[in-house]
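Novice: Input: one structure, supplied below.
Just so you know, all these numbers are worked out from the coordinates, no wet-lab data involved. Everything quoted here is computed from the prediction, not taken from an experiment. Neighbour counts run over all protein chains shown; Cβ positions are idealised from the backbone, glycine included.
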Amino acid sequence: MFFKNLNKNFLLATFGNCLFFVNFSCFFLLPLFLDANNYSKSEVGIVMSTFGFSSILLTPFTSTLIDKYGKKILSLIALFLMIISSISYIFIVDFKIILLLRVIQGAAFSIFFNSSSAIASNSLNDKEKKDGLSFFSSFTIISYFLGPFFAEKIILHFGFTEFFVYASVFSLISFGLMTFIVDEKGDIDNEIQTSSFFSIIKESKILKILVANFLLASGFGVVMNFLSLSLKEKGLSIGLFFVGYSIVVSLSRIFLSNSLSTKNLFNKILIMLGGFALAIFFVPSITSIYHVVLFSVFFSLSYSLVYPFLSSIALVGKSKSLTGRIFGAINSSFSIGVNVMTFLFGFIAEIFGFAIMFKFASLIIFFGVFMLYFNERERIE
């Protein structure tokens, strides 16, 4: 069990990442701020997707910097950017400036998550990665309880100024923790000079992982960015969704990750993705708070193990000097899925409504899962 070998860097990266994600996850409620300032559904989609486009475009550059110049210093720079940009919303309602702030936040996310993930991964050997990364990501999920659940209460009882302050404080605490990381001075070897970001993603194993991750992100993005507005139209609160999400994903990643063998792991991931798509298909049927809780459990259970398992498959047998770029590729595919599809789904919701949007998103994931399944079966045969 990897628990016996936890070191200071792994723990600091785990808790620092969790705190950063509280700040990050609070901004799933940004559509409420935009709606209060009379932005349209399509404008909400543009604002929310701008974050990801920034992250996507910068990842090839930032992931190489992380491997070359050190994960600690880059993570601290990212936290500083996140704090400043989050506080700035207090003074801004102009559409163009909000887009700029989302670009900065996207850059901060790209740098910090890749840095903290690489620090955690480099603290584990190959046998520990599946369980270790599940543990790491389970603490990330706790942030969705500390973030949106309490942030929604703050918005309702105090206002958006207090909401943005609340979000920023967590990145400030994370900054303090990450200063104690012992950096590995770049982990540069000959491989870093010959294996570029783009050559890594051309590997067949990595490529199919990126496609599966894109499908996961498409569903994740449509739920996280539009569920709050969809439920608001029905007079329902999203708070309990995030409570259920945090509990189910955290517990399953801690206690279930070790119960699945690594044999045919990718096919097991595809089954989970199918369940994930099915949950999204039934979002339009939610009419009560009990349905919100039920959806939260089903959605979270099917989603919970996919990301850490995909990451562990990608990292096994790879040099530590490549972890920044591998995580960069994985997180880029996730960002593309979340933000390109959020951009598209925003216009679908504007024209056809939320019900059609959620069903359309579900069918896209189903189609992708079938394509990956038949491709994998042909490869084995």
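Novice: So, in nm, how far is label ASN125 from label PHE180 when the simple model puts each one 7 Å beyond its Cα toward the Cβ?
Specialist: Roughly 2.6 nm, to one decimal.
Novice: Cβ neighbours within 10 Å, averaged per peptide: list 268-279, 344-355, 50-61 in order, most packed at the top.
Specialist: 50-61, 268-279, 344-355
Novice: If I model a spin label at SER42 and ILE84 as a point 7 Å from the Cα along the Cα→Cβ vector, what separation in nanometres do I get?
Specialist: So the label points at SER42 and ILE84 sit 3.4 nm apart.
Novice: Same structure again: How big is Rg to Rh over the range 76-150, alpha-carbon atoms, Rh as the Kirkwood inverse-mean-distance radius?
Specialist: 1.09
Novice: Per-residue counts of other Cβ atoms within 10 Å, averaged by peptide: what ranking do you get for 243-254, 34-45, 102-113, highest first? Working shown, then result.
Specialist: Working: 243-254: 20.8, 34-45: 17.1, 102-113: 25.3.
Ranking, from highest mean packing down: 102-113, 243-254, 34-45.
Novice: Here's a follow-up. So for VAL47, VAL182, VAL338, fewest C-beta neighbours within 10 Å to most, what's the order?
Specialist: Fewest-to-most Cβ neighbours within 10 Å comes out as VAL182, VAL47, VAL338.
Novice: OK, next. Can you give the extra length, in nm with one decimal, that the chain gains between PHE91 and MET371 once fully stretched, where that is 0.36 nm per residue apart less the Cα-Cα distance?
Specialist: 96.1 nm
Novice: From the cross-link list LYS72/LYS208; LYS129/LYS268; LYS234/LYS359, which pairs have alpha carbons spaced over 22 Å apart?
Specialist: Among LYS72/LYS208; LYS129/LYS268; LYS234/LYS359, the Cα-Cα distance tops 22 Å for LYS72/LYS208.
Novice: Same structure, new question: If each residue of separation counts as 0.36 nm, what is the full-extension length gain between LYS359 and LEU251 once their alpha-carbon separation is subtracted?
Specialist: 36.1 nm
Novice: By what distance, in whole Å, do the Cα atoms of the range 1-129 stretch along each of the three principal axes, largest value first?
Specialist: Projected onto its principal axes, the Cα set of the range 1-129 covers 52, 27, 23 Å.
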